[in-house]
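The values are calculated or read from the model by the stated rules, or taken from the named source; none is laboratory data. Treat the numbers as computed from the prediction; the structure is a model and nothing was measured. So basically every Cβ, Gly included, is an ideal-geometry build from the backbone, and we count neighbours across all protein chains shown. Ligands, DNA and RNA are excluded from the accessible area calculation, which covers all protein heavy atoms including side chains. Shrake-Rupley method; radii C 1.70, N 1.55, O 1.52, S 1.80 Å.
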There are 2 protein chains.
Amino acid sequence: MTDETTAGIGPQDTGAVPVAELWRGGICESLHAGHAVVVDGSGQIVEAWGNPQAVIYPRSSCKMIQALPLVESGAADAAGLTPAQLALSCASHNGAAIHSDAVTHWLSDLGLGEADLRCGPQEPSDIPARDALIRAGETPCQIHNNCSGKHSGFLTLNRHLNAGAEYTEVDHPVQVAVRAAFEEVTGEAVRGWGVDGCSAPNFATSLQGLARAMAAFAVAREGRGLRDSAQARLVQAMMAHPEMVAGETRACTELMRAMEGRAAVKTGAEAVFVAILPEKGLGIVLKVLDGGTRASEAAITQLLVKYGALEAGHPMAKKWGNPEIRSRRGIHAGELRIAPGFGA
Amino acid sequence: MTDETTAGIGPQDTGAVPVAELWRGGICESLHAGHAVVVDGSGQIVEAWGNPQAVIYPRSSCKMIQALPLVESGAADAAGLTPAQLALSCASHNGAAIHSDAVTHWLSDLGLGEADLRCGPQEPSDIPARDALIRAGETPCQIHNNCSGKHSGFLTLNRHLNAGAEYTEVDHPVQVAVRAAFEEVTGEAVRGWGVDGCSAPNFATSLQGLARAMAAFAVAREGRGLRDSAQARLVQAMMAHPEMVAGETRACTELMRAMEGRAAVKTGAEAVFVAILPEKGLGIVLKVLDGGTRASEAAITQLLVKYGALEAGHPMAKKWGNPEIRSRRGIHAGELRIAPGFGA
């Protein structure tokens, strides 16, 4: 499934800068480095830290791009998808009841079921949902997979395209459409592709390419054309339904709630984070080199504050941007701090 | 509890080198950097990558040092501790039944109970134990904490010292004894201290200091004196009971089983890993800068192979040193590789 011949591209060749530090007892115990870039609606770099040309896999941070063919094809409207379902198509959800119930109904409305998914099973990260499964003696299924909303979107598009069942194959019409949209909005030919955790292809691009796409989402307005309308609808859906995009206790949900419509944000595996700022017409992308999610969460929070989407004094700015480390007895042990110079 | 005045020391000031790379679809997706050092019984450096003078918290990797006062004081023998219990005193265990049952009996033998622990509650990482608790509607307690064996050792020493109940305070006789042993075996005054996840103090030292201690454990033999005997007994206990030191599916347990008495290994939070090689008389210490455990596990495996403790063709050398990444449907997606030049 993978092509390992293009060795040498990727963030290892680049000048990453310190992003976040873990402090404990007066000593910097651990350090995360990475890249970040802010791009405007013309695709130009407003500000960058590290190397904005570093090649990354967006992983789940590009789900709103993967949802573009679903909307632009007319498949979403033909299926009568609601804004909550569009938000779920962009989600890395917790597998809580609100997510798994919505996916179950969505598949049912399509005349499909869990067996039609190709994302694989995953234990819910939502603790009540996880415990309910264990108490019932049930095994997690594909509906609990954090990507099951994206895959329901793929299946909706696939129904519209009348294509074959193996919709995660890279040459399947669903993924061909996703790749075309990805290249158009990033403004770059894909730099390679890999198999994502949910078995769908994930296309590589530069940080600037992905940020160019996020800025395009930020400046898009409904009524200006097919692409603009689709982008604006997806951004509005994410901001209107932050609970569908991730879930309780999660950064995406809590930050979007705190920003009250000033930004849509999305995390991706291996410490990618993106932000779409419609008020400012900006797109933000960052990647922490080592894949440490705690650092990408802190870094995006720092940039959301810097660009005015999140108030510096909001409790979520502290919770996600400068989290305290406590022992299992609740004793203060340290904190995660933004590295000097990052996002300054 | 912490002293955040000694800013500036720690691994951020140092020249870390690439340690491990995550490859997906022909692209290096993520990268981990760090330091490693190999020291002989005279305390001299045999080989190093990165900066062996970088200051680190050993975290749980130094539990065999924290157990020295337990053995040297005579407390372990007075309490009739078995080798399995000594291994458990050096453990970061899974909270499986073999661990929680052993701790429950140990505390009972001391006339103590769960409420006397000061490590805080933690959900077992052992899935059968976790699920059994959930099905029974029970809450994880301090006995399930991965450090409960170490804390049972602290309580055993504390009984012997007849000191107060708050044995995790840094000026309590138990921790004063631990600090003295730590400084003696590392050959360095501690560089600071922090609160560990289990609320006990954790003392900072250089990689070389910690490796000097591990080499001292490696060359220690029973009958040569109090310190040597205690060190040799703890190493033998760890190697004889790898199941007590971590648990099923864990690197420490699986690597020690594979090495069949050629090395004792121990992980610590924030990606520290140590190895004690009695056959070679060597101590190894490594720290991955970002705290990424997948990289520290791969790196120690590489060094165990290089120094002859683990056969290169053993399945555990592949599993821990070069793990495959699969999607949730089991499709090959990539692999974690040792970075070129590390451990070469």
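Table for the structure above
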| quantity | calculated |
| --- | --- |
| The one condition in (1) open to solvent by 10 Å² or more (accessible area, probe 1.4 Å); (2) within 14 Å of chain A (Cβ to nearest Cβ) that B:Val55 fails to fulfil | (1) |
| Every residue from the stretch B:74-102 that is buried (at least 18 other Cβ atoms within 10 Å of the Cβ) and either without any contact (Cβ under 8 Å) to a residue 40 or more places away in the chain or polar (S, T, N, Q) (or both) | B:Gln85, B:Ser89, B:Ser92, B:Asn94, B:Ser100 |
| Candidate set: the stretch A:295-344, residues that are among the aromatic types (Phe, Trp, Tyr) and assigned to a loop (DSSP other than H, G, I, E, B); chosen: the one most open to solvent (accessible area, probe 1.4 Å) | A:Tyr307 |
| Check on A:Glu279, open to solvent by 10 Å² or more (accessible area, probe 1.4 Å), modelled with pLDDT of 95 or more and away from chain B (no Cβ under 13 Å) | yes |
| A:Val288 vs. criteria under 30 Å from A:Arg221 (Cβ atoms) and either open to solvent by 10 Å² or more (accessible area, probe 1.4 Å) or in contact (Cβ under 8 Å) with a residue 12 or more places away in the chain (or both) | no |
| Pairs with Cβ under 6 Å, 6+ apart, first in the stretch B:223-245 and over 19 Å from B:Ala102 (Cβ atoms), second among the aromatic types (Phe, Trp, Tyr) and part of a helix (DSSP H, G or I) | B:Gln231/B:Phe217; B:Val235/B:Phe217 |
| The lone exception for B:Pro124 - which of (1) open to solvent by 40 Å² or more (accessible area, probe 1.4 Å); (2) more than 10 Å from chain A (Cβ to nearest Cβ); (3) not in a helix (DSSP H, G or I) it fails | (1) |
| Count of the stretch A:129-140 residues which are within 11 Å of chain B (Cβ to nearest Cβ) and either open to solvent by less than 60 Å² (accessible area, probe 1.4 Å) or out of contact with any Lys or Arg (no Cβ under 7 Å at 6 or more places or on another chain) (or both) | 8 |
| Criterion: closer than 23 Å to A:Glu270 by Cα and hydroxyl-bearing (Ser, Thr, Tyr) - qualifying residue of A:Ser100, A:Ser42, A:Ser92, A:Ser108 | A:Ser92 |
| Residues satisfying the stated conditions in the stretch B:112-121, i.e. out of contact with any Cys (no Cβ under 7 Å at 6 or more places or on another chain), part of a loop (DSSP other than H, G, I, E, B) and either among the acidic types (Asp, Glu) or in contact (Cβ under 8 Å) with a residue 24 or more places away in the chain (or both) | B:Leu112, B:Leu117, B:Arg118 |
| Some residue of the stretch A:104-115 being open to solvent by 20 Å² or more (accessible area, probe 1.4 Å) and under 18 Å from the mean Cα position of the chain (by Cα) | no |
